[in-house]
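Everything below concerns the one structure shown next.
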Amino acid sequence: GLRADAILGQGSAWLGGGVTWDTPQDLSNWTTMHVSLWSENEDYNNLQIEFEAGAVLRVPIADYGFVADGEWHELTIPLSDLVELGADLTSVTRPFVLSGGSVSVGARLIVDNLYLE
């Protein structure tokens, strides 16, 4: 894309941010979530993706190939993985939230190309 978003560590005890909808959306016609992530700060290695669809589910981004090594990582997340954990794709209120523990002040994580297919 033409624009990416940066998350900058603030040194607080936790971080979180992403997409939240006030009205639940039906994602049952979609099969895969894609997102590109970049960081060179290993504080981000323990981040999780939160997905709220009837229940709050968390999956480590490392499970989908992310490591903070200064390279871009294209994550492909089958929505069936989330269904297996208990997600109800007909009632999604938080399709993508990154969350984790403390991150050093100024540590950057770049997020790009978030889409469903």
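Calculated accessible area for the chain comes out at 55 Å² per residue, all protein chains present (probe 1.4 Å; ligands, DNA, RNA ignored). Could you list the residues of the stretch 75-92 with an amide nitrogen less than 14 Å from a label point located 7 Å from the Cα of residue 26 in the Cα-to-C-beta direction? Backbone N within reach: 89-92. The portion of the accessible surface of the chain made up by carbon and sulfur, rounded to a whole percent, is 48 (1.4 Å probe; DNA, RNA and ligands excluded).
Note on residue 104 and residue 34: with the Förster distance fixed at 30 Å, the Cβ-Cβ geometry gives a FRET efficiency of about 0.65.
Less than 5 angstrom separates the built amide H of residue 114 from those of 36, all sequence-distant by 5 or more or on a different chain. The mean sequence separation of alpha-carbon pairs under 8 Å and at least six residues apart, normalised by the residue count of the chain, gives a relative contact order of 49 percent. Stretched out straight at 0.36 nm per residue, the stretch from residue 55 to residue 90 would grow longer than its current Cα-Cα span by 11.4 nm.
Helical content alone sets the calculated 222 nm signal of the chain at -1000 deg cm²/dmol, taking -39,500 (n - 2.57) per DSSP H segment of four or more residues and averaging over every residue. Derived scalar couplings between HN and Hα for the stretch 45-60 equal 4, 9, 5, 10, 9, 9, 9, 10, 8, x, 9, 8, 10, 10, 10, x Hz in order, rounded to whole Hz, by the Karplus curve 6.51 cos²θ - 1.76 cosθ + 1.60 (θ = phi - 60°), x for Gly and Pro.
The values are calculated or read from the model by the stated rules, or taken from the named source; none is laboratory data. Everything numeric here is computed off the predicted structure, so don't read it as measured data. When we count neighbours, we look across all protein chains shown, and the Cβ atoms used for this are built from the backbone with ideal geometry, even at glycine. These area figures cover heavy atoms from the full protein model, side chains too; ligands, DNA and RNA do not enter into them. Shrake-Rupley method; radii C 1.70, N 1.55, O 1.52, S 1.80 Å.
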